[in-house]
Amino acid sequence: MSNVMDTLRERGFVKQTVYEEDLYKLLGSESVTFYIGFDPTADSLHIGHFLQLIAMKHMQDAGHRPIILIGGGTAMIGDPTGKTDMRKMMTRETIDYHVECFKKQMSKFISFEGDNGAIIVNNADWLTGLNYLQFIRDIGVHFSVNEMLRAKCFETRLERGLSFLEFNYMLMQGYDFLKLFKDYGCALELGGDDQWSNILAGANLIRVKEKKPAYAMTFTLLTTSEGKKMGKTEKGAVWLDETKTSPYEFYQYWRNTADADVEKCLKLLTFLPVPQIDALVAHRDERINAAKEVLAYELTKIVHGEDKAILAQNQARAAFGGGGELPEKDVHCENATIIQVLVAAGICASNGEARRLIQQGGVSLNDKKVTDINEPVNSGDTVHKGKKIHVKINLV
RNA sequence: GGGCGGAUUGCAGAGUGGCCAAAUGCAUCAGACUGUAAAUCUGACGUCUCCGACUUCGGUGGUUCGAAUCCACCUCCUCCCA
């Protein structure tokens, strides 16, 4: 079998590993069971999760068996990594609901059939029933507080306050890995690079307790060339759930990727062959727009399916080049004026904002700049906000 | 448990009786320039029936003609001592 590590390296996934040589040999010689953890903190997956799933897919395609661990138990603690504040505690019901949502979305990318079909586990199943005394004697004894305090992931929290509850997170995650190692022979944990300390904790725990090799590998975090986390917009995260982020918005997000990030995104988030990607990003002038279209299309296709990807692409081309169908929006309001429509359609957050936009010349109706804040809108009219937002209004 | 310092508009962070809808930076939005990019410049950035009015500065009361600013109590948090 071809070695998936080569693929992951070539596409720029790999950030840190332990025992890299051994791991490489292992991945090249047999089917390895590995796991990636997901925190069910929201009712939809977002782009950060997506990167993990793509990596998981590469692994699965290479013959390895994925375990998707949903952190239903650890979510009750809250991962303090990189957070400045303590996370709100969620109820068991909320978490269970999120778990269901995740399962649905994941089944689009990952195969659950066949010899190396993925399995989903929820760490609530074994964490909730833990006996405290037994746990700290069996597991806690192997953790050095000195080492933990030195871990980068607690750095910001040590300045602002870290509760003992959250301090335990690392032990929980380490225990997860041990548990999966024993139950499923899982020997490798993958995750984002911010999880390095937590992942390492588990791999070390297995090596100490079971005296057997366990591996850890982290992936590059998806950040923009400016170092910011990708997948954030003014509205919040870019979600995979189409009711939270429409396929058109999703498409547009990627269509507007910065030049410097296109290559990275194509390699990390699509399955296009690397030589093809290299060809796409060969030019650093306006020709890179072709690469952005491919990126947006490919991603939308993976997440929302081919039909919706084509539709989104047509809508985008219509909005920026003319022709084709624009996205439509049903709006309910009487005696519709431009201000009311802007707010009702969710384009502006308040009347004041709509008024301001018009006064600043940022709104057009059917390609004509709006100067009167009371300009009437008819069904079928197209409202434009700035250069990027174009919506056909259906009054209902 | 004791002591100190805090809680301000998305975030960070000024403001310590009227000149405060509240400095500044970041983020965001629009305009110009462009390639649906970046950088840069300009403007906006609580709500409304918008040249005026109304509601905000952890919560509840109080002092005052007037409070984000003073007082009391409460809630939460950092730090120091245990």
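Brief remarks follow.
- Burial ranking of peptide ranges A:47-60, A:127-140, A:22-35 (average Cβ count within 10 Å, highest at the top): A:47-60, A:22-35, A:127-140
- Over region A:1-70 - Rg/Rh using Cα atoms and the Kirkwood inverse-distance radius: 0.99
- Two numbers describe the Cα atoms of region A:270-396: Rg and Dmax, which are 17.8, 56 Å.
- Principal-axis analysis of the Cα atoms of chain A puts helix A:92-106 at an angle of about 80° to the longest axis.
- Using alpha-carbon coordinates, inclination of helix A:288-304 to the longest axis of chain A, degrees: 70 degrees
- Partners for A:Lys209 among aspartates and glutamates (Cα-Cα distance below 16 Å; same-chain residues under 8 apart left out): A:Asp138, A:Asp176, A:Asp183
- Average projection, convex hull of the Cα set of chain A: 22.5 square nanometres.
- A straight Cα-to-Cα reach below 17 Å connects A:Lys329 with the aspartates and glutamates A:Glu242, A:Glu249, A:Asp381, residues fewer than 8 places away in its own chain not being considered.
- Part-to-part distance (alpha-carbon centres) for region A:310-363 and region A:119-137, which is given in Å: 50 Å
- Surrounding net charge for A:Asp330, when Lys and Arg each add one and Asp and Glu each subtract one, Cβ distance under 14 Å: 0
Read the figures in this text as sums done on the coordinates, not as results from a lab. Source: prediction; values computed, not measured. Glycine gets a Cβ as well: all are built from the backbone with ideal geometry, and neighbour counts include every protein chain shown.
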